[in-house]
1. At q = 0.28 Å⁻¹, what base-10 log of I(q)/I(0) does the Debye formula yield for the stretch 64-136 when every alpha carbon is treated as an equal point scatterer in vacuo?
2. Stretched out fully, how many nm does the piece from THR171 to PHE154 gain, at 0.36 nm a residue minus the Cα gap?
3. Which of the peptides 23-34, 127-138 is most tightly packed, and how do the rest follow, judged by the mean count of other Cβ atoms within 10 Å per residue?
4. Sequence gap at least 6, Cα distance under 8 Å: using those rules, report the relative contact order of the chain to the nearest whole percent.
5. By how many degrees, 0 to 90 and rounded to 10, does the Cα axis of helix 209-235 deviate from the longest principal axis of the chain?
6. Work out the charge dipole of the stretch 64-136 with +1 on the Cβ of Lys and Arg and -1 on the Cβ of Asp and Glu about the Cα centre, then indicate which of LEU79, GLN106, THR65 is farthest towards its positive end.
7. Using only Cα atoms, what Kirkwood radius does the chain have, in angstroms?
8. Under the rule of -39500 (n - 2.57) per DSSP H run of 4 or more residues, summed and divided by the residues of the chain, what mean residue ellipticity at 222 nm is obtained, to the nearest 500 deg cm²/dmol?
Amino acid sequence: MSVRLSQLPVELKIAISCFLLAMGYAYLFAQINLQVNTRKADGDATGLATIQDIVVTYHGDRSQTLLGTKINGTMREHLPTEEDKIAIEQWIKNGRTEEEYLEIVQQLMDAYCTNCHPYGDRPEYPLETYEQVYQAAEPDRGPSIGKLAKFTHFHAFGMGVFAFLLSGIFTFTSFSPPFRYFGVVLPFLSIFLDITSWWLTKLVSPVFAYAVYLAGLMTGVSFAVAILGSLYDLWIRTSTAES
Ligand code: HEC
């Protein structure tokens, strides 16, 4: 290729630099989002985002249920005694049978919960029948397939376009060809690894959360290489081209 970034007219250099800086911001805020929001996924909001946060985000925490979490959280005050709470937890632990529900759990729901579920201020979340309460005590399996598919679809589109633009700009730098190939391929590799690992973490095993983590690091490195490398060529490298 004969045209190099260092040879471009200044207006175009400015436009490309602004785009690169905007991409830097996009990545920076993706990181801030991860540290501010995803970090809390496993219930431990201290320190940085961990593998366990990724596991909970995609695979879910299967030892937890919505009902179990709520009767230990915001719904705790509606259960007058500790024994009532333990009785419900025991029912969940014992496999949520209908017999035990009718014998123990139903009267607790009727006494303390159904006046708000569904009739009170939470009409969309009924806890009146065995099926409804059973449903509320399903193990947390993370996002549904539909939700993750939607997230993947948007993410793959967006990341694909960003990666293409960044690698496209990077191809016009004057770095040695092996380094340029590396800079061009890495963003796409990290996207493929990232998305594939979300699904493997959700569907196959939490072990793949490590691959999600690795893909995140790779994305950071690839963005840094493409953005800083291109900025270097635009403004610092003195044009050595023949033209
Ligand atoms: C005074 C009304 C009221 C009572 C009584 C009440 N709840 Fe709730 N419940 C709410 C409201 C409001 C929310 C939504 C806010 C929240 O999740 O904390 C909620 C949320 C929930 C959720 C989560 C629903 C969701 O969609 O995220 C569960 C599960 C739940 N309650 C269980 C119970 C149980 C079990 C009891 C009885 C021990 C109970 N609630 C008693 C008002 C009530």
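Derivation of every value follows stated rules applied to the coordinates shown; laboratory data play no part. Keep in mind that what you see is a predicted model, and the values were worked out from it rather than measured. Heads up, the Cβs are rebuilt from the backbone with ideal geometry, glycines too, and the neighbour counts pull from every protein chain shown.
1. For the stretch 64-136 at q = 0.28 Å⁻¹, log10 I(q)/I(0) is -1.67.
2. Between THR171 and PHE154, full extension yields an extra 3.5 nm.
3. Ranked from most to least packed, the peptides come out as 127-138, 23-34.
4. About 28 percent, as a whole number.
5. For helix 209-235, the angle is close to 30 degrees.
6. THR65
7. Result for the chain, one decimal place: 21.6 Å.
8. My calculation for the chain gives -20000 deg cm²/dmol from helical runs alone.
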